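Input: a single structure, listed below in structure tokens.
The values are calculated or read from the model by the stated rules, or taken from the named source; none is laboratory data. A quick note: this is a predicted structure, and the numbers were derived from the prediction, not measured. With ideal geometry, Cβ positions are generated from the backbone for all residues, glycine too; neighbour counts draw on all protein chains shown.
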Amino acid sequence: MFGTTLLDRRSRPERIADQAWQHLVSSVNTAGDTVRGTARSAQRGGHRLSDGAGDVVGNAADEARRRATLAFDALAGRRPALPWTLLIGVALVGAAIGWAAGTAARAAGSRDDRAVDDIDFVDVDRPNSPANLDT
């Protein structure tokens, strides 16, 4: 009660200045919290961007190193190594396709509906054959 009567007895400019001061302090505190939150958010986003950029730069550096090594070898007259992994892979795929084709051919040849015994050979007389095959 004593404090409230003292505040009431201040002049109007003092009360306005006090209200303005309280408003300024409140605004600064709110702005500080907002800036801190924004800074934290920017920091997190910056870390994500830097990680992504680091990956891109790392990949580009690896590719540049690989190409530089190939160029140096070419200038030195060395032939590039055979891609053994690719050659072995192609050979395995070829073997699998050959095995599948052989299995399919054996299965088609061993069907019961077209047995070799069912084929009838017909002897045909060909008159006036130029090679005399009929004789």
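Among the residues of the stretch 67-108, those identified as of a type in the set (Ser, Thr, Tyr) and surrounded by 10 or more Cβ atoms within 10 Å (Cβ to Cβ) are 69, 103. Would you mention how many residues in the stretch 66-100 are among the β-branched types (Val, Ile, Thr) and in a loop (DSSP other than H, G, I, E, B)? Of the residues in the stretch 66-100, 0 are among the β-branched types (Val, Ile, Thr) and in a loop (DSSP other than H, G, I, E, B).
Close Cβ contacts (under 8 Å, 6 or more residues apart or on different chains) running from residues in the stretch 58-83 that are among the aliphatic types (A, V, I, L, M) to residues that are in a loop (DSSP other than H, G, I, E, B) and at pLDDT 85 or above are absent.
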